[in-house]
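What follows is calculated from the coordinates using simple rules that are stated; it is not laboratory data. As the structure is a computational prediction, the values presented were derived from the model and not from experiment. All Cβ positions, glycine included, derive from the backbone under ideal geometry; neighbour counts span all protein chains shown.
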Amino acid sequence: MASINKQKHLVVVVGPTAVGKTDLCVQLAKHYHTDIISADSRQFFREMSVGTAKPTPSEQQGVKHYFIDSHSITEEYNAGAYETDVLQLLEELFKEHNVVLMTGGSGLYVRAVLEGMDEMPDVDPAIREKLIKQVEAEGIAPLLEKLQELDPVYFAQVDKANTQRVVRALEVCLSSGQPYSSFRTSEKQERPFNIIKIGLNRDRAELYSRIDQRMDQMLEQGLLAEAKSLYSYRQHNALQTVGYKEIFDYLEGKYNWEEAVRLLKRNSRRYAKRQLTWFTKHPDEYTWFHPQQWDKIVAFINERMNR
């Protein structure tokens with residue numbers, strides 16, 4: 001990899017759902033006359049708009065956003081492909097801009113761009129399908145048992161409630177005959193540009209109130225109808241997430257509408273908590289601000305760019 005060009009800066013803005021990343025980043029993009037790359041792994045998909053709180057054209061305020069509506073739900077798209085695509089895009093954008101913004105709450109996708117992805121073997125789609133059907137029929141417990149047997153190292157680390165991660169690890173174990181953990185080398189890649197990392201957070205009560213309001217807004221905007229239109233794609237990774245899973249369960253008669261709404265809000269708050277846990281794993285990695293601390297944020301970015 002080429003040496004770092006100190007004149008080119010990727011400003012990365014992360015934080016939990018509903019914290020206010022879009023508003024701040026649009027203002028930053030206008031301030032620095034630049035574009036925004038979305039690192040929200042669900043906003044890539046054209047068919048998913050309401051449940052992903054995708055910024056509307058008016059919210060984008062004329063600022064160019066990449067990786068919003070860039071793919072169809074019928075396509076497989078993962079963090080490794082995203083890494084390749086974003087690095088190619090940055091090469092182009094840095095010809096015109098000294099500063100580019102990247103923002104989102106999908107920690108794995110952010111990390112892929114900043115540090116690189118471990119090389120994973122190809123996975124047999126039939127194995128994935130079988131595992132997903134097994135989860136539907138028997139729940140996560142048998143898969144956890146199998147993972148503990150095939151890869152005790154990763155079993156000790158994985159979030160046992162995260163079906164997607166458990167399925168991912170198992171499909172690699174079963175397709176390759178090797179433990180998933182053996183492919184996770186965690187060697188950081190050098191990037192040929194300067195990286196400035198910012199985290200946004202709010203007081204917990206304030207954040208949770210914003211999450212509840214956002215959910216009410218999504219329901220008013222037609223989340224139920226959108227989920228119905230996507231029901232046949234419910235096995236897709238992007239739909240194994242808060243905002244859709246609860247409605248799919250409601251459509252299957254697992255609980256009534258009031259319970260679905262309660263779970264939507266509760267699970268969104270839990271999701272925000274998991275996002276914060278991911279981004280605060282290494283306390284020194286991000287510098288944290290309230291989204292309304294405009295002057296401090298701009299001063300911090302300028303100071304890092306002038307180092």
Residue among 277, 263, 104 farthest towards the positive dipole end of the chain, charges placed on Cβ: 277
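Going down the list 64/265; 146/245; 6/64; 130/273; 146/265, which pairs span over 28 Å between their C-alpha atoms?
In this structure, 64/265; 130/273; 146/265 exceed 28 Å between Cα atoms.
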Convex hull of the chain built on C-alpha atoms - directionally averaged projected area, nm²: 16.1
Least to most buried among 174, 200, 223 (fewest other Cβ within 10 Å first): 174, 223, 200
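Which helices, taking whole DSSP H runs in the chain, have alpha carbons extending 18 angstrom or more along the helix axis plus mean Kyte-Doolittle at least -0.5?
Details: long enough: 79-96 (26 Å, -0.08); 125-138 (20 Å, -0.52); 163-176 (20 Å, 0.44); 204-220 (24 Å, -1.11); 257-279 (33 Å, -1.17).
Length and hydropathy pass: 79-96, 163-176.
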Summed side-chain charge close to residue 119 - residues other than residue 119 whose Cβ falls under 12 Å, Lys, Arg +1, Asp, Glu -1: -3
Highest average packing first - 71-84, 104-117, Cβ atoms within 10 Å: 104-117, 71-84
Isotropically averaged projected area of the stretch 125-183, using the convex hull of Cα atoms (one quarter of hull area), nm²: 3.5
Assigned charges on the beta-carbon of Lys, Arg, Asp, Glu; the chain dipole about Cα centre (debye): 840
Alpha-carbon spread of the stretch 151-307, three principal axes, descending order, Å: 57, 47, 26
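Got the relative contact order for the stretch 125-183 handy, in percent, Cα pairs under 8 Å and 6 or more residues apart?
So the answer I get is 36 percent.
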